[in-house]
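The values are calculated or read from the model by the stated rules, or taken from the named source; none is laboratory data. Just so we're clear, the structure is a prediction, and the values are computed from it rather than from any experiment. Cβ: placed from backbone, ideal geometry, glycine included. Neighbour counts: every protein chain shown. Side chains are part of the model used for accessible areas, which takes the heavy atoms of the whole protein and leaves out ligands, DNA and RNA. Shrake-Rupley method; radii C 1.70, N 1.55, O 1.52, S 1.80 Å.
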Amino acid sequence: MDGYAIRFEDMPGPWTVIGESAAGRPFPDTIGPGQATRIFTGAALPPGADTVLIQEEAGRDGAALHLTGEGPAHRGRNVRRRGLDFEEGAMLIAAGQRLTPARIAVAATGGHGRLPVRPRVRVAIAATGDELVPPGSGDPSALPESNGVMLAAMLADLPVDIIDLGILPDDLNALRDAFAGVRADLLVTTGGASVGDHDLVQPALKAAGGSVDFWRIALRPGKPMMAGRLGETAVLSLPGNPVSAFVTATLFVRPLIAHLSGAADPFPTPIPAILGEDLPANGPRIDYLRAAMIDGRVHAAAIQDSSMLLTLARSTCLVIRPPHVPAARAGDSAEILMLA
């Protein structure tokens with residue numbers, strides 16, 4: 001703090017001011033008995049001094065300094081000691097931690113001008129379906145494609161470079177050629193991952209030289225999700241339904257990107273919450289219910305149809321209902337995932 005650097009044993013003074021110490025301009029000599037230096041916030045404490053007498057409790061007449069208030073209560077008062085924040089050899093940022101603004105600042109303060117990082121993850125995004133048109137096209141007979149922009153927004157805070165493949169038709173050869181031309185760490189598709197006559201993502205992936213690791217998961221919404229590989233590229237095929245695509249992107253795409261980025265803990269962290277209303281028993285699939293936090297309690301949307309995107313837009317969290325969990329009452333605890 002602004003004031004005077006003194007030796008605590010010289011309290012209650014008086015002192016003789018022999019110089020000053022400012023930030024970046026330290027006092028070069030040692031403080032002796034009965035001596036003081038003017039000192040300012042951020043300045044180095046001169047050798048010999050151990051305490052700062054704040055300027056509000058000090059009176060000065062030329063070089064003569066005297067106490068006007070109670071003064072510091074103990075030795076070391078109003079001084080930040082070396083090593084208060086961290087000491088030499090301390091771990092400042094562990095491998096796998098994200099470089100937040102605060103962590104970048106602490107690295108710089110620790111004297112590190114360069115840091116080793118993982119490269120940005122290249123993510124190719126493709127929507128499939130003859131029924132899709134770009135948003136804003138104005139065609140009333142078609143369906144505006146919303147998954148691409150939604151996924152790009154969901155990944156905007158992650159270290160990614162997006163490769164927009166646009167809308168791909170329901171044509172096996174076109175899909176095969178598009179997939180074979182991908183040069184990315186991760187390919188994310190939406191739509192066409194089921195088993196209908198026009199669901200061609202899986203055969204197109206195989207025709208392009210890829211493989212399927214698993215298909216269909218015990219999840220609602222999002223059951224027809226598929227995962228595979230195409231050379232060095234990981235592939236996640238999400239349902240075309242935007243709500244299902246959102247949930248599977250939250251649970252699979254974002255964690256995979258975090259893992260590829262070197263994150264030590266890539267998975268979303270559930271937090272406990274109190275239910276605001278009763279919930280029925282759940283079936284064999286884990287369920288993620290769109291919900292909102294109101295007056296400190298979580299209220300699930302009354303209708304959870306996976307086509308209802310506006311319900312998702314109005315939600316602030318997802319309530320996690322494990323498989324076969326019994327009915328819950330208002331006031332019970334549940335785990336939730338907060339939404340950005």
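Looking only at residues of the range 314-340 that are open to solvent by 80 Å² or more (accessible area, probe 1.4 Å) and under 30 Å from L143 (Cβ atoms), we find that the one that is farthest from the chain's Cα centre (by Cα) is R314. Only a single item in (1) within 21 Å of C317 (Cα to Cα); (2) crowded, with 20+ Cβ neighbours inside 10 Å is not met by G192, and it is number (1). Taken over the range 22-44, residues that are of a type outside the set (K, R), more than 41 Å from the chain's Cα centre (by Cα) and open to solvent by less than 70 Å² (accessible area, probe 1.4 Å) amount to 7.
Annotation note: of D213, D265, the sole residue that is open to solvent by 30 Å² or more (accessible area, probe 1.4 Å), of a type in the set (D, E, K, R) and over 24 Å from the mean Cα position of the chain (by Cα) is D213.
Any idea which residue in the range 45-98 is farthest from the chain's Cα centre (by Cα), counting only those that are surrounded by fewer than 16 Cβ atoms within 10 Å (Cβ to Cβ) and of a type in the set (D, E)? So the residue we want is D61.
Filtering A207, A174, A152 for residues that are over 16 Å from L238 (Cβ atoms), at pLDDT 95 or above, out of contact with any Lys or Arg (no Cβ under 9 Å at 6 or more places or on another chain) and surrounded by fewer than 18 Cβ atoms within 10 Å (Cβ to Cβ) leaves a single hit, A174.
Considered as a group, the residues in the range 92-112 that are assigned to a loop (DSSP other than H, G, I, E, B) and small (G, A, S) include one that is nearest to G262 (Cα to Cα), and that residue is G96.
Screening the range 120-131 for residues that are open to solvent by 70 Å² or more (accessible area, probe 1.4 Å) and either within 21 Å of the chain's Cα centre (by Cα) or of a type in the set (V, I, T) (or both) and picking the one that is nearest to S306 (Cα to Cα) gives R122.
Here L115 passes the criteria (1) hydrophobic (A, V, I, L, M, F, W, C); (2) open to solvent by 80 Å² or more (accessible area, probe 1.4 Å); (3) within 30 Å of I257 (Cα to Cα); (4) assigned to a loop (DSSP other than H, G, I, E, B) except the one numbered (2).
Residue-by-condition table, conditions (1) closer than 22 Å to L312 by Cα; (2) in contact with a strand residue (DSSP E or B) (Cβ under 6 Å, 6 or more places away or on another chain):
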position	(1), (2)
P140	no, no
G148	yes, yes
L151	yes, yes
L155	yes, no
L158	yes, no
N173	no, no
L187	no, yes
G209	no, no
R216	no, no
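For the range 6-30, the candidate set comprises residues that are acidic (D, E) and not in a helix (DSSP H, G or I); within that set, the residue that is farthest from N78 (Cα to Cα) is D29. As for the range 273-287, it holds no residue that is open to solvent by 20 Å² or more (accessible area, probe 1.4 Å) and in contact with a helix residue (DSSP H, G or I) (Cβ under 6 Å, 6 or more places away or on another chain). Answer yes or no as to whether L45 is among the hydrophobic types (A, V, I, L, M, F, W, C), in contact (Cβ under 8 Å) with a residue 12 or more places away in the chain, under 20 Å from D2 (Cβ atoms) and assigned to a loop (DSSP other than H, G, I, E, B). So L45 passes the test. Taking the criterion of being in a loop (DSSP other than H, G, I, E, B) and either in contact (Cβ under 8 Å) with a residue 60 or more places away in the chain or surrounded by 14 or more Cβ atoms within 10 Å (Cβ to Cβ) (or both), the residues of the range 132-149 that qualify are P134, A142, E145, S146.
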